[in-house]
Amino acid sequence: MTSDTKPHLERIKHLLQYLGLSAAVLVVWQGLYHLGYIKPLILPPPTQVAAAFQDLVKSGAMTRHVGISVARVLEGFAIAALLGLSLGIAIGLSRTLDRLTDLAIQVIKPIPPIAWIPLAILWFGIGEKSKVYIIFLGAFFPIIINTIDGIRQTDHKFVELSRVLEVPRVKFVRRVVIPGALPAIMTGLRVGLMVAWMCVVAAELIAAGSGIGYLIMDARQLSQSDVVLVGMITIGVIGKVMDSIIRRIEKRLVDWKPSFAGH
């Protein structure tokens, strides 16, 4: 075996390991359907789901629904990231601000975004603003909580050293606190994005006529379980792609931090 073929074989091995479990699940799922253990109305086979996806793509409905949902998620997530990072950094750096906001954050944080739907309708109506607001709420708290925790985890040795060297506060925050908090901040962004996608279905319950959440709910009412699965899998795939983008950004920003990938 040459030195050129070994890395190639390693990549193939890693790809097979990455896709192996998912492929096995699909094979078993299809096999159980053919053996009669699964009724297509309850859980349609992968071939039927793939056919439903193809029909939605051909009709243009999938592109339209996906585009609208992605736009809503990105808008809600962007607002959540902007406010979550700004407030998280400010609270993490200020004991006074922490005391003023901690009770409100801890009380509001456990409330599920879907519980805010009635108020969202009263405040913003049934248009786009109410949907974006629900997505924003879902993404906001993971971001702000992880940002505060990341700031608080700044190594005490660096804090003491900066005091001894009389490093200006702005420079200390920019060069020490923010870089040290980046791993927690990026985790918050990844979790926030995941929750934002989880909130799409809830957000699109608000008198929506488009979006993946609407597609799922409409298919459920028509007992089209294959279309329901298409919508669910689509959300998962798009969420995975967006998460991978954030992970790539994280690797570039936090390349100094050693990580343990297992044995």
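Structure notes:
- The lone criterion from (1) surrounded by 15 or more Cβ atoms within 10 Å (Cβ to Cβ); (2) more than 20 Å from the chain's Cα centre (by Cα); (3) modelled with pLDDT of 90 or more left unmet by residue 93 is number (3).
Let's see how each residue does on (1) farther than 19 Å from residue 139 by Cα; (2) of a type in the set (Asp, Glu); (3) surrounded by fewer than 18 Cβ atoms within 10 Å (Cβ to Cβ); (4) free of Cβ contacts under 8 Å to residues at least 40 places away in the same chain:
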position: 11; (1), (2), (3), (4): yes, no, yes, yes
position: 23; (1), (2), (3), (4): yes, no, yes, yes
position: 30; (1), (2), (3), (4): yes, no, yes, yes
position: 43; (1), (2), (3), (4): yes, no, yes, no
position: 86; (1), (2), (3), (4): no, no, yes, yes
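- Qualifying residue in the range 26-35 (condition: hydroxyl-bearing (Ser, Thr, Tyr) and either in a helix (DSSP H, G or I) or within 29 Å of residue 200 (Cβ to Cβ) (or both)): yes
- Boolean, residue 136 is touching a Ser or Thr at 6+ places or on another chain (Cβ under 7 Å) and either assigned by TED's automatic domain parsing to the domain that holds residue 76 or aromatic (Phe, Trp, Tyr) (or both): no
- Selection status of residue 190, assigned to a helix (DSSP H, G or I), of a type in the set (D, E, K, R), in the same structural domain as residue 248 (by TED's automatic domain parsing) and surrounded by fewer than 14 Cβ atoms within 10 Å (Cβ to Cβ): no
- Scan of the range 193-223 for residues that are of a type outside the set (Gly, Ala, Ser) and either more than 21 Å from residue 53 (Cα to Cα) or outside the structural domain of residue 66 (by TED's automatic domain parsing) (or both), ordered by number: 193, 194, 195, 199, 205, 206
- Only one entry in 235, 206, 212 is touching a Lys or Arg at 6+ places or on another chain (Cβ under 8 Å), under 27 Å from residue 124 (Cβ atoms) and either surrounded by fewer than 24 Cβ atoms within 10 Å (Cβ to Cβ) or in contact (Cβ under 8 Å) with a residue 40 or more places away in the chain (or both), namely 206.
- Scanning the range 152-167 for residues that are in contact with a helix residue (DSSP H, G or I) (Cβ under 9 Å, 6 or more places away or on another chain) and not in a helix (DSSP H, G or I), we see that the one that is farthest from residue 182 (Cα to Cα) is 167.
- Failed item in (1) modelled with pLDDT under 85; (2) aromatic (Phe, Trp, Tyr); (3) surrounded by 22 or more Cβ atoms within 10 Å (Cβ to Cβ), with residue 197 passing the rest: (1)
The values are calculated or read from the model by the stated rules, or taken from the named source; none is laboratory data. The structure presented is a predicted model; accordingly, all values stated were derived computationally and were not measured. So basically every Cβ, Gly included, is an ideal-geometry build from the backbone, and we count neighbours across all protein chains shown.
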